[in-house]
Amino acid sequence: MNSMITENAHRFPQVPVIDNSPDHIKLRKSQNTLVIVGTGIIVFGFWTVLKTLGKVYLNRSEYIAQIREFAGTSMMEVSDNLIFWVLLFLAVCYLSLGIVTRLIIGLSAISEGRDRRHGFIYLPLTVLMILLGLHDTVYSIDMFINTVTETEAEAGSTDFHMASVIIQLTSIIMMIQMIFSAVRVKKYRRKKRKKKEEN
Amino acid sequence: MQLDFHYYATYCAAFIAGYSHEESVIIAHSAQFVDDCSRTFLNRVGGPLSAATTQLQLELMDANTDLVGLQDITRIWASFHFLPGDLYATRKKCSKRYLRKYRLICNVNSDLLIDTVELARGKGLEAAGLAMHVLADTWAHRYFAGTPSLVINNTNYDFYEIIPDGEGFKERNIRFNHNPAAKDDPVNGSYTNSLFQSNENSIMNLGHGRAGHFPDYSFARYRYMPAWGEYREFVKDNPSDYKHAFGQMVYALKCLKTEGQRFQTDCYADEEVLPWIDTIEQILIKRQLDANDDWKAFAASLSGCPVPDYSTDHLQEEYMAADQEYRDHTILGRFIIAALAQKSMITNRIFSSGNLLAGISVDYNKRGFKGIRDYRKLMKEQRREDE
């Protein structure tokens, strides 16, 4: 009676053996990072939408005045409302491009993380987003410094620029992490393929 | 585990271990009753609330998750449903707070299982039934902890069911949904689980809630990445585990029947079970949400007597009809004492290991405290045994 279940008694088929080697664990960790960061990149797109639309709506009189100044007398017959809607339309076009790019990057990262599709186009797109993000961050830091040094700065504008800087930096760090994880995943997959071919 | 295993399978195990039909029914009732003995039930019958061995969904919804509330929840779930595998487990580079929870992860063949089975020795059939519930649950609930913890009990999208396919297996990603009204669908691989809550101590993160009811199905084979696993994957083979649970229950019950034979871990009564192994395997691998009918038919074929349907009415009636001084001698009374003893023992072991997640444990016998009213019953019983 005092014995392990014997081989004869164990008639269930043996379930697949799991590979928990250090390489495989690193692969899973990188894949998990891709899924989380990919989701984050899509979600951060909402911040960009909020920021841009908010800026356009809240500063519309300023923008309209600047457009009228730039255009001179040729825009005298055009109403403020029309200029605002055109401005909004251009902003939406710009945002759509940004959102589509983020969706491509985010969904591709998630797909790669879940071992479905293994694309590579999202990596150069991510590099592009990082460069644009850095440019945006530098601009936001510049605006922040300007508002801090100005004696008559608008209430809340310092906070807005500070928040922008923090969110931009977070977004850039996420994208860099995504690139590292994606490279690691591709490297391990290549290694696994080589091992299979050798065997 | 569910009623099919806790009640009918325990009856079968008890009968194979040499208990009579009537004794096996009492053991089986006690084993299943661990899943029904809530504070609501005890309040209704006038029993001690500290003897609760489970918490209903509504009770959990009302439960506090402050320190005292968490300790109360952990005491119940770790003592009866998620017996810790190793209270002195070590782990590199983690905080004390994390380590305390890590040490509560349920696993099979632990030292606490020996203590649980031996605690039931000489304490009657009700105590034996309670010990069998705890034993069986260690197999179904391994890798989950009986304390609300996201970092231990969480699961993610990496959850695949392993389904037999001809000679081999195929894998299917499980789709968990949060509709408690919808039945689990093994055909399409759609199961209910608890809602994701990022709060570490949310009730949703208690036990195997994040995997829903899936770990309790005997046909389930799955691979997943538990939150504590550091990106390691684990395979759960329930048909094999449940078979081990059955064999171990037969062995444990035989030990309790035999004087001087101490229960040991990793021992299974495979010779005793062998004549019925085919039937048991067929029941375990059948893809059905509950196997009550199959186990009931097997039980009837074993003993030749029909096994009564599970009910707590007779327990309630007997307990409430008895005078106060004789209540401890009813079936429910003896179960209550066994539950108090088990909870006391496990809480004491957890506390002695330096873990405060189950609260502080005081050895009332040594320190001479009167203690809380509920536990006086336990001390009275222990004094009676000593005399």
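Just round it to a whole percent: the fraction of Cα-Cα distances in segment A:8-48 exceeding 14 Å. Working shown, then result.
On the way: 558 of 820 pairs.
Counting every Cα pair in segment A:8-48, those more than 14 Å apart make up 68 percent.
Report, to the nearest 10°, how far helix A:60-71 tilts away from the longest principal axis of the Cα atoms in chain A, using its own Cα long axis and a range of 0 to 90°.
60
Partner chain Cβ atoms within 10 Å, averaged over the residues of B:275-287 - can you pull that number for me? Show your work: numbers first, answer last.
Numbers: counts 0, 0, 5, 1, 0, 0, 4, 0, 0, 1, 2, 0, 0.
For this peptide, the per-residue mean of nearby foreign Cβ atoms is 1.
I need the Kirkwood Rh of segment A:100-180: take the reciprocal of the average 1/r across all distinct C-alpha pairs and report it in angstrom. Write out the running numbers ahead of the final one.
Details: mean 1/r = 0.0706 Å⁻¹.
About 14.2 Å, per the Kirkwood formula over Cα pairs.
Let me spell out the model: positive unit charges on the Cβ of Lys and Arg, negative unit charges on the Cβ of Asp and Glu, origin at the Cα centre of segment B:74-202. What dipole size does that give, in debye rounded to 20? Could you put the intermediate results ahead of the total?
Numbers: 16 positive and 14 negative charges, 157 e Å.
The dipole of segment B:74-202 has a size of about 760 debye.
Quick one: pull the percentage of alpha-carbon pairs in segment B:108-176 with a separation above 16 Å.
On the way: 1555 of 2346 pairs.
Every Cα pair in segment B:108-176 considered, those over 16 Å come to 66 percent.
Between the alpha-carbon centers of segment B:84-121 and segment A:69-96, tell me the distance in whole angstrom.
Using only Cα atoms to place each centre, the spacing works out to 69 Å.
Considering the dipole of chain A built from charges on the beta carbon (Lys and Arg +1, Asp and Glu -1) around the Cα centre, which of A:His118, A:Asn59, A:Thr39 is farthest to its positive end?
A:His118
On C-alpha positions alone, give me the angle between the axis of helix A:22-58 and the longest principal axis of chain A, in degrees, nearest 10.
Helix A:22-58 and the main axis of chain A meet at about 20 degrees.
Give the lysines reachable from A:Lys51 as a straight Cα distance under 18 Å; neighbours fewer than 8 places away on the same chain don't count.
Within the straight-line limit of under 18 Å, A:Lys51 reaches no lysines at all.
If only Cα atoms are counted, what is the Rg of the protein assembly as shown, and what is its Dmax, in Å?
Gyration radius and largest Cα-Cα distance of the protein assembly as shown: 30.9, 110 Å.
Once you average over the residues of B:233-241, how many Cβ atoms of partner chains fall within 10 Å of each Cβ? Working shown, then result.
Numbers: counts 6, 2, 4, 1, 4, 0, 4, 7, 0.
For peptide B:233-241, the averaged partner shielding equals 3.
So which of B:Lys343/B:Lys380; A:Lys26/A:Lys191; B:Lys96/B:Lys343; B:Lys170/B:Lys286 end up more than 19 Å apart by C-alpha? Each step should come with its number before you reach the end.
On the way: B:Lys343/B:Lys380 16 Å; A:Lys26/A:Lys191 13 Å; B:Lys96/B:Lys343 24 Å; B:Lys170/B:Lys286 17 Å.
As for pairs spanning more than 19 Å Cα to Cα, those are B:Lys96/B:Lys343.
Which one, B:Thr65, B:Ile105, A:Ser181, projects farthest toward the positive side of the charge dipole computed for the protein assembly as shown from Cβ point charges (K/R +1, D/E -1)?
With unit charges placed on the Cβ atoms, the residue in question is A:Ser181.
Bin by bin, in steps of 10 Å, what percent of the Cα pairs in segment B:4-80 do you find, going until the bin that has the longest distance?
All Cα pairs, binned at 10 Å, distribute as 18, 39, 27, 13, 2 percent.
Would you please calculate the Kirkwood hydrodynamic radius of segment B:40-195 over all C-alpha pairs and express it in Å, rounded to one decimal? Walk me through the numbers before you get to the answer.
Values: mean 1/r = 0.0552 Å⁻¹.
Over segment B:40-195, the inverse of the mean reciprocal pair distance is 18.1 Å.
Pick out, in residue order, every one of the GluC sites (Glu not before Pro) in segment B:191-252 that is DSSP loop and has at most 14 other C-beta atoms within 10 Å; say none if there are none.
Details: sites: B:Glu200, B:Glu230, B:Glu233; in loops: B:Glu200, B:Glu230, B:Glu233.
Sparse-neighbourhood loop GluC sites (Glu not before Pro): B:Glu230.
Given all pairs of different Cα atoms, what value in angstroms does the Kirkwood hydrodynamic radius of segment B:257-387 take? Present the calculation step by step, with values, prior to reporting the outcome.
On the way: mean 1/r = 0.0520 Å⁻¹.
Taking every pair of different Cα atoms in segment B:257-387, averaging 1/r and inverting gives 19.2 Å.
How fast does segment B:43-112 diffuse by Stokes-Einstein, in µm²/s, taking the Kirkwood radius from C-alpha pairs at 37 °C and 0.692 mPa s? Write out the running numbers ahead of the final one.
Numbers: Rh = 13.9 Å.
D, rounded to a whole number, is 237 µm²/s.
Whole percent per 10 Å bin, from 0 to the bin with the longest distance: what is P(r) over all C-alpha pairs of segment A:1-124?
Using 10 Å bins, I get a P(r) of 11, 23, 17, 15, 13, 8, 5, 4, 3, 1, 0 for segment A:1-124.
Please give the FRET efficiency for B:Asn156 paired with A:Cys93, using the beta carbon to beta carbon distance and R0 = 45 Å, rounded to the nearest 0.05.
0.75
Can you give me the Cα centroid spacing of segment B:141-164 and segment B:250-310 in angstrom?
27
Sort A:His118, A:His161, B:His133, B:His208 so that the residue with the fewest other Cβ atoms within 10 Å of its own Cβ comes first and the one with the most comes last.
A:His118, A:His161, B:His208, B:His133
Ranked highest first by average number of other Cβ atoms within 10 Å, how do B:146-153, B:33-40 line up? Mind dumping the intermediate values first?
Values: B:146-153: 24.2, B:33-40: 20.2.
Order by mean packing, descending: B:146-153, B:33-40.
What number, in percent, do you get for the relative contact order of chain A if the mean sequence gap of Cα pairs under 8 Å and at least 6 apart is divided by its residue count? Can you show the working numbers first?
Numbers: 136 pairs, mean separation 63.3, N = 199.
Answer for chain A is 32 percent.
If the convex hull of the alpha-carbon atoms of segment B:186-251 is projected onto planes in all directions, what is the mean projected area in square nanometres?
Working: hull surface 23.6 nm².
Computed as one quarter of the Cα hull surface, the answer is 5.9 nm².
Check every DSSP H run in chain B and write down those whose alpha carbon atoms cover 15 angstrom or more along the long axis and whose mean Kyte-Doolittle hydropathy is -1.0 or greater. Don't skip to the answer; put the middle values down first.
On the way: long enough: B:21-33 (18 Å, 0.08); B:67-80 (20 Å, 0.79); B:125-140 (23 Å, 0.89); B:238-257 (28 Å, -0.41); B:292-303 (16 Å, -0.41); B:331-352 (31 Å, 0.93); B:373-386 (20 Å, -2.78).
Membrane-span-like by this criterion, though nothing is claimed about a membrane: B:21-33, B:67-80, B:125-140, B:238-257, B:292-303, B:331-352.
Please get the size of the charge dipole for chain B, origin at its Cα centre, with Cβ charges of +1 on Lys and Arg and -1 on Asp and Glu, quoted in debye to the nearest 20.
Working: 43 positive and 51 negative charges, 366 e Å.
Here the size comes out at about 1760 debye.
Could you tell me what fraction of 2.2 N^0.38 Å the Cα radius of gyration of chain B comes to, as a two-decimal ratio? Don't skip to the end; give the middle numbers.
Details: Rg = 20.3 Å, N = 387, 2.2 N^0.38 = 21.2 Å.
Cα-based Rg divided by the globular estimate yields 0.96.
Note down the magnitude of the dipole of segment B:55-117 about its Cα centre, charges +1 on Lys and Arg C-beta and -1 on Asp and Glu C-beta and zero elsewhere, to the nearest 20 debye.
Numbers: 9 positive and 7 negative charges, 128 e Å.
Magnitude of the dipole: close to 620 debye.
Which value in deg cm²/dmol, rounded to the nearest 500, describes the helix-derived mean residue ellipticity at 222 nm for chain B, given -39,500 (n - 2.57) per DSSP H run of n ≥ 4 and division by the residue count? Write down the numbers at each step before the final one.
Working: 17 runs with 177 residues, N = 387.
Calculated mean residue ellipticity at 222 nm is -13500 deg cm²/dmol.
Roughly how crowded by other chains is peptide A:15-24, in terms of the mean Cβ count from those chains within 10 Å of each of its Cβ atoms? Walk me through the numbers on the way to the answer.
Numbers: counts 11, 8, 1, 5, 2, 6, 1, 0, 0, 3.
Partner-chain Cβ atoms within 10 Å, mean over residues of A:15-24: 4.
Let me have the relative contact order for segment B:145-216, percent, based on Cα pairs under 8 Å that are six or more residues apart.
Taking the mean separation of contacting Cα pairs over the length of segment B:145-216, I get 37 percent.
Extension gain B:Gln382-B:Met61, at 0.36 nm per residue separation less the Cα-Cα distance, in nm?
Numbers: separation 321, 0.36 × 321 = 115.56 nm, distance 3.51 nm.
So the chain would gain 112.0 nm between B:Gln382 and B:Met61.
From the convex hull of the Cα coordinates of segment B:213-321, what is the mean projected area in square nanometres?
Values: hull surface 43.1 nm².
If I average the Cα hull's projected area over directions, I get 10.8 nm².
Quick note: the coordinates plus some simple rules give every number you see, no bench work behind them. All values reported here derive from a predicted model rather than from experimental measurement. With ideal geometry, Cβ positions are generated from the backbone for all residues, glycine too; neighbour counts draw on all protein chains shown.
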